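Here's the structure, in structure tokens; my notes come after.
A short reminder: the numbers here are calculations on the coordinates, not readings from a lab. Predicted model, so just to flag it, every value in this text is computed and none were measured. For neighbour counting, all protein chains shown are included, and Cβ atoms are generated from backbone atoms with ideal geometry for every residue, glycine included.
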Amino acid sequence: MAGIKLSGEDHFLHENNSWLRALEFILQENAYLKTRLSHALDSNIGMSFVEKAEHYQTVFIQNDEHIKDLLKDIRQHQELLKNNKHDAEARNEKKLLRKQHMLRNEMEAFEKNFSELKNEFNKYLVSLL
């Protein structure tokens with residue numbers, strides 16, 4: 001791959017676009033989980049289930065808010081990266097690098113937590129069968 005050269009900004013923009021796609025998917029998955037929870041509530045009305053359902057509903061709503069915040073942060077960072085590419089005087093590469101690293105860590109943690117939540121929720125629903 002000797003002929004391919006990517007600037008840091010190009011790599012970061014690609015990474016940001018990947019995160020945006022992942023978050024859009026997770027937003028859809030979260031909506032699907034809320035729908036499944038609603039269906040489960042239709043057939044399970046025990047008090048212990050209602051309490052557990054309230055917990056999951058709260059977590060799903062918090063996920064929606066966290067996703068919206070991440071989407072906003074990533075889009076703002078993308079704009080800074082795009083402007084940085086075209087305005088050499090506005091370059092603050094260390095700041096951009098720190099922000100990219102922070103977003104990468106936040107995305108990694110969020111994706112991990114969401115996957116664990118989804119698995120936990122699925123196992124709980126199976127336990128009700």
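Note on SER38/ASN105: beta-carbon distance plugged into 1/(1 + (r/R0)^6) with R0 of 30 Å gives a FRET efficiency of 0.35.
With each run of n ≥ 4 DSSP H residues scored as -39500 (n - 2.57), what mean residue ellipticity at 222 nm is computed for the chain after dividing by its residue count and rounding to the nearest 500 deg cm²/dmol? Numbers along the way, then the final one.
On the way: 3 runs with 111 residues, N = 129.
Computed mean residue ellipticity for the chain: -31500 deg cm²/dmol.
Here the simple spin-label model places points 7 Å from the Cα toward Cβ, and for SER127 and ASN17 these points are separated by 4.3 nm. Its alpha carbons give the chain an Rg and a Dmax of 19.5, 64 Å. For the set LYS34/LYS99; LYS72/LYS118; LYS82/LYS112; LYS68/LYS94; LYS68/LYS118, the pairs lying more than 22 angstrom apart at their alpha carbons are LYS34/LYS99; LYS72/LYS118; LYS82/LYS112; LYS68/LYS94.
Give me the percent relative contact order of the chain, please, defined on Cα pairs under 8 angstrom at least 6 residues apart. Show your work: numbers first, answer last.
Details: 44 pairs, mean separation 41.2, N = 129.
Worked out over the chain, it gives 32 percent.
From least to most packed, judged by other beta carbons within 10 angstrom and beginning with the fewest, HIS11, HIS77 follow the order HIS11, HIS77.
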